[in-house]
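The values are calculated or read from the model by the stated rules, or taken from the named source; none is laboratory data. Predicted model only: the values in this text are computed from it and were never measured. Cβ atoms come from the backbone with ideal geometry, glycine included; neighbour counts cover every protein chain shown.
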Amino acid sequence: MYIRVHPRDNVAIIVHPDGAAPGAQSPNGIVAIERIPQSHKIALRNFAPHDPILRYGQVIGHANRAIPAGSWIREDLIDMPAAPPLDQLELSTSVPEPLPPLTGHTFEGYRNLDGSVGTRNILGLATTVQCVAPTVEYAARRIKAELLPRFPNVDDVVAVTHSYGCGVAINAPGAAIPIATLRHISLHANMAGQPLVVSLGCEKMQPAVLFSNDFPVLETSNVIRFQDQRGFSEIVAAIMEAAEKRLAILDGRRRQTCPASDLIVGLQCGGSDAFSGVTCNPAVGAAADLLVRAGATVMFSEVTEVRDAIHLLTPRAETPDVARALIREMQWYDDYLAGGRADRSANTTPGNKRGGLANIVEKALGSVAKAGNTAIRAVASHGEKVTAKGLVFAATPASDFICGTQQLASMNIHVFTTGEGTPYGLSLVPVIKVSSRTALAEKWHDLIDLDAGRIATGHATVEEVGMDLFRMMLDVASGRKKTWAEHWGLANALAPFNPGPVT
């Protein structure tokens with residue numbers, strides 16, 4: 001009838017797809033006194049006003065009225081608790097012991113001159129400003145149709161377009177975040193670190209600004225300026241001529257056997273439900289532990305979906321400095337939200353609530369399950385490229401598109417969990433979709449790559465699904481398997497995080 005996550009929990013979530021009907025009785029005698037939808041919470045005891053409500057062994061809120069056992073615990077019955085105070089957290093007091101190394105696991109990747117490793121071989125058309133986006137996207141379509149068939153070893157042609165580049169305070173402190181993010185994406189491992197660069201000519205984010213005056217990059221990357229050309233046809237011809245030369249180079253590349261330690265995996269969730277913290281996120285956490293054991297880099301992110309679980313993470317930080325860095329990123333985002341007269345409670349969506357999540361506290365406690373059980377080795381600020389091995393917190397907003405864009409600055413493969421469902425994808429890296437419920441995997445059979453709902457029904461363990469995901473990542477990274485998002489060509493537009501002023 002229901003799943004209780006932790007022995008201290010006084011609520012549980014309903015498992016049956018049809019929910020619990022009034023009068024339905026669980027094996028331990030709890031009787032539903034009203035209809036409760038699947039994934040929503042049932043009261044396992046009587047609550048008096050102000051009593052704490054526990055899930056994952058943590059307080060997710062307080063009853064704001066008397067609630068009898070067997071009731072449907074809804075959002076309107078719960079008062080959200082305050083966020084954990086950042087000045088009272090334990091620092092590196094429960095650092096997990098290293099797990100035994102996991103050796104012998106490899107994938108077939110592309111080694112780049114800068115030492116990075118790609119999982120795809122892509123011609124990238126990097127852009128400095130949104131003004132050029134429609135023309136570059138037009139050129140990319142023509143390159144794919146007219147040139148790419150002659151170069152069978154190149155996987156794709158991608159126009160790296162975005163909404164940034166001009167009309168902004170380019171020297172304001174906040175501008176450093178989108179510029180750094182776009183710089184790292186423009187030099188992405190899946191584009192061999194050597195893009196074609198397309199500029200308008202008059203924009204604030206000139207190529208020298210995008211690449212921080214890194215002249216070796218500007219010299220080895222062909223820079224095409226629209227305002228140097230005579231008309232649309234000449235602009236497109238210049239892009240296609242440069243693309244043909246670059247395609248010939250990329251076509252000579254071949255996959256090589258690489259250790260699993262060369263994987264840089266971004267973890268994200270979107271359209272979460274109450275099963276996310278029971279099935280797909282813990283399974284991703286199990287896969288994350290395997291990746292760390294294999295020497296890989298694993299990033300978890302989404303500040304607002306970490307904030308209410310930060311007291312569980314700072315004790316796991318490898319050093320007090322790493323713990324303090326976690327706190328720094330939480331405080332930065334608290335201040336950012338306060339400046340906009342908002343707080344973390346603005347995070348939860350109607351779909352989250354429909355899926356049984358009462359508030360951001362419950363959502364965050366389920367979200368951090370993706371981080372597994374190893375020590376947190378490092379913290380990266382907004383826009384910073386992740387270079388550390390092991391488990392890393394990379395600060396990003398929780399918005400799917402912005403988080404994905406920021407993680408793209410570092411990762412070569414992406415894992416995305418969902419409970420309600422989303423066709424989200426990225427053009428530069430493969431995105432593996434993991435569902436929290438079997439019903440979603442069956443309904444979206446040609447969008448979901450891995451069903452973690454088997455955990456809730458008892459057909460698989462968290463560890464078994466985690467191992468399935470680990471093996472799938474190696475297959476996808478090797479090009480032996482395509483994700484559904486790749487199959488359909490689904491790719492969300494890049495959305496750089498810009499906390500700076502727009503002029």
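A few notes on this one:
- Only a single criterion out of (1) aliphatic (A, V, I, L, M); (2) within 23 Å of Ala369 (Cβ to Cβ); (3) surrounded by fewer than 20 Cβ atoms within 10 Å (Cβ to Cβ) is not satisfied by Ile60, namely (3).
- Some residue of segment 463-470 being under 20 Å from the mean Cα position of the chain (by Cα), surrounded by fewer than 21 Cβ atoms within 10 Å (Cβ to Cβ), part of a loop (DSSP other than H, G, I, E, B) and not aliphatic (A, V, I, L, M): no
- Residues of segment 98-119 that turn out to be among the small types (Gly, Ala, Ser) and more than 23 Å from the chain's Cα centre (by Cα), as a count: 2
- Applying a threshold of 7 Å to beta carbon distances and a minimum spacing of six or more residues, or different chains, the list of pairs starting in segment 94-111 at a residue that is over 29 Å from Ala189 (Cα atoms) and modelled with pLDDT under 95 and ending at one that is surrounded by 14 or more Cβ atoms within 10 Å (Cβ to Cβ) and of a type outside the set (Phe, Trp, Tyr) is empty.
- Residue under evaluation Leu357, criteria (1) of a type outside the set (Asp, Glu); (2) in a helix (DSSP H, G or I); (3) surrounded by 22 or more Cβ atoms within 10 Å (Cβ to Cβ), criterion not met: (2)
- Segment 1-26 residues that are in the same structural domain as Gly61 (by TED's automatic domain parsing) and assigned to a strand (DSSP E or B), paired with ones that are of a type in the set (S, T, N, Q) and surrounded by 12 or more Cβ atoms within 10 Å (Cβ to Cβ) (beta carbon under 8 Å, 6 or more apart): Tyr2/Ser26; Ile13/Ser39; Ile14/Gln38; Ile14/Ser39
- The set of residues in segment 65-97 being over 28 Å from the mean Cα position of the chain (by Cα) and closer than 23 Å to Asp335 by Cβ consists of Gln88 alone.
- If you go through segment 118-151 and pick out every residue that is over 22 Å from Ala192 (Cβ atoms) and either in contact with a Gly (Cβ under 8 Å, 6 or more places away or on another chain) or part of a loop (DSSP other than H, G, I, E, B) (or both), you end up with 3.
- Residues satisfying the stated conditions in segment 34-57, i.e. of a type outside the set (A, V, I, L, M), in a strand (DSSP E or B) and surrounded by fewer than 20 Cβ atoms within 10 Å (Cβ to Cβ): Pro52
- Residues satisfying the stated conditions in segment 410-462, i.e. in contact with a helix residue (DSSP H, G or I) (Cβ under 6 Å, 6 or more places away or on another chain), assigned to a loop (DSSP other than H, G, I, E, B) and small (Gly, Ala, Ser): Gly421, Gly425, Ser436, Ala452, Ala460
- Helices (runs of 4 or more DSSP H) contained entirely in segment 211-303, each with at least 1 residues that are polar (S, T, N, Q) and in the same structural domain as Gly351 (by TED's automatic domain parsing): 280-293
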